[in-house]
Amino acid sequence: MTDQESLLKRVKRAVLDGDGDKTIELTKEAVSQGLRAPQILDEALTPAMDIVGEEYENGDRYVPEMLISAEAMKSAMVVLKPLLADAGVKARGKVVIGTVEGDLHDIGKDLVAMMLEGAGFEVVNLGAEITAEEFVKAAKEHKPDIIGMSALLTTTMIHMPEVLDALQQAGLRDQIKVMIGGAPVTQGYADKIGADAYAPDAASATKLAKSLV
Ligand code: B1M
């Protein structure tokens with residue numbers, strides 16, 4: 001195992017242990033050793049969250065332990081945020097993004113927001129548990145090119161069509177593209193509810209957003 005592989009393994013372990021300080025320290029070390037932000041995300045941070053999810057599903061981890069790992073991952077994202085930027089890119093358009101009503105998972109949505117910002121979009125991040133009314137209010141206020149919705153639960157993705165309906169009723173649907181994503185969401189679901197685009201991950205969300213504006 002190379003030094004870099006071993007370092008990525010230690011970052012992953014720190015997230016699994018929910019050790020925020022160690023996660024920050026090791027993420028900074030990984031950056032200083034020349035590891036790129038997407039590699040740290042794809043080979044250490046995201047796989048750690050997948051294991052957290054599996055352990056929760058198997059009954060080997062409880063919600064508070066899931067939460068401290070999530071906090072550790074978020075602290076690493078603060079370190080990586082500036083590195084996800086494409087230097088020198090001018091504002092490409094505006095995106096309003098949020099996690100839908102009843103759903104407080106915000107790590108993936110924040111990652112999408114960071115990558116969009118890095119690609120030169122102006123991003124208004126509404127946070128999590130955003131109702132259809134709040135999405136419409138933000139659409140009126142910020143006049144975005146794209147609204148992005150994230151859902152991590154099969155029980156909350158059903159709020160996505162409500163947002164589309166609310167935008168339609170407010171007379172805004174024709175002016176705004178809607179992109180959706182999140183672990184249980186699929187292209188088939190996007191087609192079914194009439195969203196303009198679906199992205200499985202933050203990198204493809206950024207590519208898609210560029211093609212939408
Ligand atoms: Co939750 N949780 N959780 N959880 N949690 C999952 C999602 C789950 C799959 C775990 C499991 O059972 N294996 C399961 C959902 C089952 C289902 O519905 N299918 C689950 C459950 C059941 C729950 C609770 C109900 C548990 C309980 O209380 N009994 C509860 C729900 C609370 C609520 O929302 N009302 C709950 C709570 C929590 C915590 C608070 C403890 C914490 C969230 C902390 C936070 O986000 N601030 C948490 C966590 C951390 C997870 C797991 C372990 C990790 C999620 C994550 O951050 N992944 C998750 C299991 C898993 O996903 N492996 C799980 C990393 C992140 C980078 O990936 O979010 O998928 P992801 O984002 C990706 C893509 O999906 C995509 O790009 C991102 C980056 O590549 N993407 C988009 C996301 N949004 C996008 C938007 C786009 C485009 C792409 O366009 C706009």
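Computed from the coordinates by the stated procedures, all read-outs in this text should not be read as laboratory data. From a predicted model like this one, the values you see are computed outputs, not experimental measurements. In this analysis, Cβ positions are derived from the backbone assuming ideal geometry, glycine residues included, and neighbour counts consider all displayed protein chains.
For the chain, the fraction of C-alpha pairs more than 26 angstrom apart is 36%. With each pseudo-label sitting 7 Å past Cα toward Cβ, what's the Gln39-Thr155 distance in nm, one decimal? A separation of 4.1 nm, rounded to one decimal place. With a Förster radius of 41 Å applied to the C-beta separation of Ala203 and Thr131, the computed FRET efficiency comes to 0.90.
Segment Thr2..Val78, full-extension length gain: 24.8 nm, with 0.36 nm per residue of separation and the alpha-carbon distance subtracted.
Let me check against my output: what whole-number percent is the relative contact order of the chain, with C-alpha pairs under 8 Å and at least 6 apart?
17 percent
Excluding same-chain neighbours fewer than eight residues apart, the lysines reachable from Lys140 by a Cα-Cα span under 16 Å are Lys94, Lys177. Amide H contacts of Thr99 (H built 1.01 Å from N, in plane; Pro and chain starts excluded): Gly127, Ala128, Glu129, Ile130, Ser150 sit under 5 Å, all sequence-distant by 5 or more or on other chains.
Just want to confirm a number: the relative contact order over segment 38-118, from Cα pairs under 8 angstrom separated by 6+ residues, in percent.
Relative contact order here is 27 percent.
The relative contact order of segment 90-213, computed from alpha carbon pairs under 8 Å that lie at least 6 residues apart in sequence, is 29 percent. Please check which bits of segment 25-53 a label hung off Arg10 would reach, taking the label as a point 7 Å along Cα-to-C-beta and the cut-off as backbone N under 18 Å. Hits in segment 25-53 for Arg10 at 18 Å: 25-37, 40-41, 43-45, 48.
Equivalent-ellipsoid semi-axes for segment 155-213 (Cα gyration tensor, √(5λ), whole Å, largest first): 19, 16, 8. Our estimate of slack between Gln169 and Thr186, defined as 0.36 nm per intervening residue step minus the Cα-Cα distance, is 3.6 nm. Which residues does a label at Met66 reach in segment 97-119, if reach means a backbone N under 13 Å from a point 7 Å past the Cα toward the Cβ? Of the residues in segment 97-119, 103-107 have backbone N under 13 Å from the label point off Met66. Taking Cβ atoms as reference points and 15 Å as the exclusive limit, the residues near Pro200 contribute a net charge of -2, counting Lys and Arg as +1 and Asp and Glu as -1.
Rounded to the nearest 20, the size of the Cβ-charge dipole of the chain about its Cα centre is 860 debye, with Lys and Arg at +1 and Asp and Glu at -1.
In units of the compact-protein estimate 2.2 N^0.38 Å, segment 23-141 shows a Cα radius of gyration of 1.18.
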